[in-house]
Amino acid sequence: MPRKLRIAVRGAAIAAATGALYALYLLGLVPTGAIPRARRAWRSAILRAWGRLVCAAAGVRLDRVGRAPAPPCMVVSNHLGYLDIPVLASQLGPVFVANSEIARWPVWGTLSRSMGTLFVDRGRKRDIPRVNTRIERALRRGERIVLFPEGGTAGGERVGPFRPALLAPAADGGHPVHFASLSYATGPADPPAALAICWWGGVPFARHALGLLALERIEARLCFGERAITERDRKRLADALWRAVSQQFVPMSRASALAREEGAEPCAP
């Protein structure tokens, strides 16, 4: 398929899936709106369906290792780019914690708020207690919370340090925290995943997204840890989670090599 046609077809499919599922979500609020648990379950189901449809439309083949943790729970992961959102949504249907600038994005900001995303202004320390309170309430309600403790994205060769501030609700409440790692690979004729899938270095979103939609092949590897981690000190918790994610994380260069080997183990031991 020619590059421009591939971009157009995939972009239209993602837009159609997003619009249709959002309309379905709004319709489902009529019978579930008065029952908080049913409303949360409906929202989670829509998010999982959206993630799977977006991944399929974008040509993502997902290789999942391990079992998705049951709610209520907090899940932390390394962060490589916006493709992480539909990949994790497809398996968890969670409440995401995201940077506040996303709330101002056209369309996407409105959709994210509707799906319960918790926005945090990491540049304002006074905003952290507000978000932590909302995280704690969400855990009490039985939600899955997904947090990217790196606080940003990078080129996919290592896991950046984990910031402890938003792990305070888990540490203070003694909640176990699950972890996952994400890696991507592209096809032999495509640009490397570190450039085409990782969104970093100030590349404009629109230009990057068009390049991603043009890829012939995307291999996504999502690895859930076998155990949860509990620590009463948020800094020790952040360090333990960073070590666990780093241990099983597959750098982008190695992920590309593994993708070319049939039957290769998709995650580091």
Single unsatisfied condition, Ser77 versus (1) in contact with a helix residue (DSSP H, G or I) (Cβ under 7 Å, 6 or more places away or on another chain); (2) within 27 Å of Gly211 (Cβ to Cβ); (3) surrounded by fewer than 20 Cβ atoms within 10 Å (Cβ to Cβ): (3)
Yes/no for Leu62 being hydrophobic (A, V, I, L, M, F, W, C) and buried (at least 20 other Cβ atoms within 10 Å of the Cβ): no
Odd one out for Ile229 among (1) at pLDDT below 95; (2) touching a helix residue (DSSP H, G or I) at 6+ places or on another chain (Cβ under 7 Å); (3) of a type outside the set (S, T, N, Q): (1)
Any hit, the stretch 75-85, residues being at pLDDT 95 or above, under 24 Å from Gln247 (Cβ atoms) and among the hydroxyl-bearing types (Ser, Thr, Tyr): yes
Any chance Ala138 is small (Gly, Ala, Ser), within 20 Å of Asn78 (Cβ to Cβ) and surrounded by 17 or more Cβ atoms within 10 Å (Cβ to Cβ): no
Count - residues of the stretch 225-257 that are within 21 Å of Gly155 (Cα to Cα) and part of a loop (DSSP other than H, G, I, E, B): 3
Members of the stretch 2-23 that are exposed (fewer than 15 other Cβ atoms within 10 Å of the Cβ) and assigned to a helix (DSSP H, G or I): Arg3, Lys4, Leu5, Ala8, Val9, Ala12, Ala15, Ala16, Gly19, Ala20, Ala23
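The values are calculated or read from the model by the stated rules, or taken from the named source; none is laboratory data. Note that this is a predicted model, so its numbers are computed, not measured. Neighbour counts run over all protein chains shown; Cβ positions are idealised from the backbone, glycine included.
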